[in-house]
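Taking it in order: structure first as C-alpha cells, then the write-up.
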Amino acid sequence: MLGEGILKGMAETAKNFAGSFVSVDRLTTVEYPEQRIPTFENARVFPFLVYDGPDWAAGLRCVACQICEKECPPKCIYIEKSQGKKPDFVGKPQFYPTRFDIDISVCMSCQICVEVCPFEAIKMDTEFELATDNRFGGLLLDRQQLAKSNEYYHQIHPTEATEVDARLDAEKEAAAAKAKAAAQAAAAKAGEAAKAASAKPAPPTGGED
C-alpha cells in the first residue's frame, strides 16, 4: 500500500504523544538543563587518565608507553616520555609522561585508546558539558586536566572499575608470589652451595721431613 510506512510512523508518533500525558516512560523530552537524565554506566564521551592515591602526579597509572598515541585513529593524543624514572604512589620507579595532551575537538570517542592500554591507565569519561569560547587551547586538555582519581572512575563506571581493580590485584598477587618463589629458590640454592662448601674436606697440610 502506498504511504503505509508514513501512516505507521504517524500512528506511532500519535501514540507516544497521547501516552506522554499518562505515562512518564513515554515522556522522552526533559527541560535541560533544569532537568537531567541520569548518565548510563556504559556511556562514553572523552578519555581521562586514572590515578591512584592522593597525588595525581605521582599516582598516574600511565607509564608513557605511547601505544594509545600510535593506535589513535584521528591522532589526537600527544605524549612525551620522561628520560628517567620516578617513584609512583607505592614507591616503585616508573617512567611517566612529561606531556600527555588530548585534543577533544578531534577525538571521535572510539575508545580504542582504552582497549589497547595495557596498564588500565586511560578510560572514557561521561562528562559532556565541555563547551568553551576558546576553540583551540580550550579544547586541548593536558595531563593535569585529564587526571581523575580511581574513586571517580568507580563513581561513573562501578561495574567496570571493580573488575579492573580485581584484575590488577590478581596480577599484583601473582607477581608477588613469583618474586617470593624466586627469592626462596635463590636462598635454597645459596644454602645448598654453603652446605656443599662446608662438607668439602680441607686440603692436606705439608709435614716436616
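Any read-out appearing in this document is the output of simple, stated calculations on the displayed coordinates, not a laboratory observation. Since we're looking at a predicted model, the values are computed, not measured. Cβ coordinates were reconstructed from backbone atoms using ideal geometry, including for glycine residues, and neighbour counts include every protein chain displayed.
How much length is gained if the chain between residue 193 and residue 32 is pulled fully straight, taking 0.36 nm per residue apart and subtracting their Cα-Cα distance, in nm to one decimal?
Fully extending the segment from residue 193 to residue 32 adds 50.4 nm.
Would you mind estimating how fast region 47-165 diffuses translationally, via Stokes-Einstein at 10 °C and 1.306 mPa s with the Kirkwood radius over Cα pairs, in µm²/s?
In µm²/s, the coefficient is 108.
Between 0 and 90 degrees, rounded to the nearest ten: what's the tilt of helix 4-19 against the longest Cα principal axis of the chain?
Compared with the principal axis, the helix lies near 80 degrees.
Please state, as a whole number in µm²/s, the translational diffusion coefficient that the Stokes-Einstein equation yields for the chain at 20 °C and 1.002 mPa s, with Rh defined as the Kirkwood radius across alpha carbon pairs.
96 µm²/s
For the chain, give the magnitude of the charge dipole about the Cα centre (Cβ charges: +1 Lys/Arg, -1 Asp/Glu; no others), in debye to the nearest 20.
520 debye
Please list 34-46, 108-120 highest first by mean number of surrounding beta-carbon atoms within 10 Å per residue.
108-120, 34-46
Give the percent of DSSP beta bridges with both residues in the chain that are antiparallel, rounded to the nearest 5.
Within the chain, antiparallel bridges account for around 80 percent of the total.
Cα axis of helix 158-199 to longest principal axis of the chain: angle in degrees, 0 to 90, nearest 10?
Between the helix axis and the principal axis of the chain, the angle is about 10 degrees.
Round to the nearest 0.05 the FRET efficiency obtained for residue 109 and residue 149 when R0 = 22 Å and r is the Cβ-Cβ distance.
0.55
Based on the Cβ-Cβ distance from residue 12 to residue 81, what FRET efficiency comes out when R0 is 45 Å, to the nearest 0.05?
The pair residue 12/residue 81 has a calculated efficiency of 0.25.
7 Å from Cα along Cα→Cβ at both residue 43 and residue 98: what's the point-to-point distance in nm?
Taking the simple label geometry, residue 43 and residue 98 are separated by 3.8 nm.
Where the only charges are on Cβ atoms (+1 Lys, Arg; -1 Asp, Glu), what is the dipole of region 88-209 about its Cα centre, to the nearest 20 debye?
It works out to roughly 540 debye.
Report the full-extension gain for the segment residue 25 to residue 174: residue separation times 0.36 nm, less the Cα-Cα distance, to one decimal in nm.
48.8 nm
Please give every one of the lysines within straight-line cross-link reach of residue 81, meaning a C-alpha to C-alpha distance under 26 Å, and leave out same-chain neighbours fewer than 8 residues apart.
By straight Cα distance, residue 81 reaches 70, 92, 123, 148, 172.
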